[in-house]
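First the structure, in the form of structure tokens, and then the observations on it.
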Amino acid sequence: MATDKSHRATPEDIALVKKTEDEIKAEVSVFSFDIGLLKKRVRDDDPAQAFIQAHLYLDHVVTRLLGEHVPFPRHLQLDRTGFSQKLQLVAAMGLLHPRHIPPIKVVNAIRNKIAHQLDYVVKLEDETKLRSSLPKGVDKEKDGTPTSLAGVLRLLAVMIDVERQQRAFERTMSRRAMANARVVLDGIKID
């Protein structure tokens with residue numbers, strides 16, 4: 001009788017099963033961008049630049065989400081895919097919570113106005129539209145005062161990257177469960 005070796009535990013399986021949940025969480029809880037640089041680039045002194053820079057970070061995280069969740073991301077040609085299409089894919093795949101999609105769309109719409117209208121000036125209504133699209137209370141400081149526009153844009157980039165990290169944790173824990181099943185079926189004792 002032939003055995004199917006493709007379902008045997010590998011050294012990688014054993015190593016993954018040996019890791020604690022906290023070790024896995026620490027490994028995946030790494031930002032995909034430099035927080036200090038985000039703070040330097042998304043500033044309050046120029047709202048148009050803040051939107052443009054924040055959009056770059058949002059595009060980075062959305063692209064990263066897709067690249068991490070699609071088995072063969074090169075076929076999507078993400079470097080040639082527009083931001084709106086990438087965001088639609090992320091939303092359709094449930095990779096971001098639905099409450100995070102509207103503010104990202106608002107940032108994209110305002111960034112497009114800035115990029116395509118040379119004389120466009122960010123208006124109070126743009127900021128109001130962004131704030132109203134966010135989950136309730138997110139745009140407030142601890143003392144209840146409104147967070148600056150740049151602060152809101154930085155927070156949005158950080159929030160969606162934290163969600164990307166959570167998806168990476170879930171994916172790794174799922175792989176760990178499958179690895180554990182192979183280890184158990186092979187009768188391997190883990191220290």
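The values are calculated or read from the model by the stated rules, or taken from the named source; none is laboratory data. Keep in mind it's a predicted model, so treat the numbers as computed, not measured. Backbone-built Cβ (ideal geometry, glycine too); neighbour counts: all protein chains shown. Surface accessibility is based on the protein's heavy atoms, side chains included, excluding ligands, DNA and RNA. Shrake-Rupley method; radii C 1.70, N 1.55, O 1.52, S 1.80 Å.
Observations
- Of the residues making up region 156-167, just one is touching a helix residue (DSSP H, G or I) at 6+ places or on another chain (Cβ under 9 Å) and either free of Cβ contacts under 8 Å to residues at least 24 places away in the same chain or open to solvent by 60 Å² or more (accessible area, probe 1.4 Å) (or both), namely GLN166.
- Taking helices (runs of 4 or more DSSP H) as the structural unit, those lying wholly within region 31-139 and holding at least 2 residues that are open to solvent by less than 30 Å² (accessible area, probe 1.4 Å) and either of a type in the set (S, T, N, Q) or farther than 13 Å from VAL152 by Cβ (or both) correspond to 47-69, 83-92, 101-116.
- The number of residues in region 42-68 being basic (Lys, Arg) and closer than 19 Å to ARG164 by Cβ comes to 1.
- Residue in region 10-26 that is within 20 Å of the chain's Cα centre (by Cα) and not in a helix (DSSP H, G or I) present: no
- Selection within region 103-161 - at positive phi and more than 24 Å from the chain's Cα centre (by Cα): GLY144
- Qualifying residue in region 179-186 (condition: closer than 21 Å to ILE110 by Cα and in a loop (DSSP other than H, G, I, E, B)): no
- Every condition in (1) at pLDDT 95 or above; (2) buried (at least 17 other Cβ atoms within 10 Å of the Cβ) holds for GLU170 except the one numbered (2).
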